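*Asks:* What follows is a single structure, and I will ask about it in a moment.
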Amino acid sequence: GDRILKSPVDRFDTFPEEMAIELFGGDDGDSIVKLETFADRLFVFKKNTLHILNIAKDVEILESSHKGMGLDGGVPCQACLTRNGIAWINSNGAYHYDGKNIESLTDGKIDSLWKGKTSNHIDQNTSQTAFWLSNSADVPSIGYDTESNKLIIHKVSTSDGSDQEDILIYDMKI
């Protein structure tokens, strides 16, 4: 759960040990949840940490590591590829990488809704049920609609979760 193997060029389904991609601090007990690529970057989403590797050359270079940016819900449907980057969600919020920077899509916008804190936006001083894992069986998911250029975040993607069928939509154009 903590190892990445790559195939030699034109040798599909062949994974020699010497082709393993070693991450600094890779043996940290934090398992890989999902791999995603955008341009010449490989995103290694672990449960607690996100590692971004530059894979443009023959040698992979660890460009950055981001603690607290992993897929802490532990499911691959927490990240998706968009037309202009990668988007993902975790207990801290929703994020988007555009090829240069990681941008929070929720900080200062819907913090109270995401985490279930007292609202400072719509209804002053009202409590809300958290969008993120208000029920321990909830499995939030994120998807991307290419035609409308919108992210769609679904509160519950399994039948085991809560009955609250909330959906958030983020318009990438606005």
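The values are calculated or read from the model by the stated rules, or taken from the named source; none is laboratory data. Because the structure is predicted, anything quoted here is derived from the model rather than measured. A quick note on method: Cβ atoms are made from the backbone with ideal geometry, for glycine too, and the neighbour counts reach across all protein chains shown. Surface areas here come from the heavy atoms of the whole protein model, side chains and all, with no ligands, DNA or RNA. Shrake-Rupley method; radii C 1.70, N 1.55, O 1.52, S 1.80 Å.
*Asks:* So with the 1.4 Å probe, I'd like the accessible area per residue for region 1-98, rounded to whole Å².
*Replies:* Heavy-atom SASA per residue in region 1-98 reads 53 Å².
*Asks:* In nm, what is the difference between 0.36 nm times the number of residues separating I55 and T14 and their Cα-Cα distance?
*Replies:* Extra length from I55 to T14 when fully extended: 12.9 nm.
*Asks:* Let me ask something additional. So if R0 is 25 Å, what FRET efficiency would I152 and S64 give, r being the distance between their Cβ atoms, rounded to the nearest 0.05?
*Replies:* 0.35
*Asks:* What's the whole-number percent of alpha carbon pairs in region 1-84 lying beyond 21 angstrom?
*Replies:* The share of Cα pairs beyond 21 Å in region 1-84 comes to 29 percent.
*Asks:* Could you tell me which of the pairs K67/K150; K46/K150; K57/K100; K100/K155; K34/K173; K67/K155 are separated by over 20 angstrom between their Cα atoms in the structure shown? Intermediate results must be reported in sequence, preceding the final value.
*Replies:* Working: K67/K150 27 Å; K46/K150 25 Å; K57/K100 18 Å; K100/K155 28 Å; K34/K173 27 Å; K67/K155 23 Å.
Over 20 Å Cα-Cα: K67/K150; K46/K150; K100/K155; K34/K173; K67/K155.
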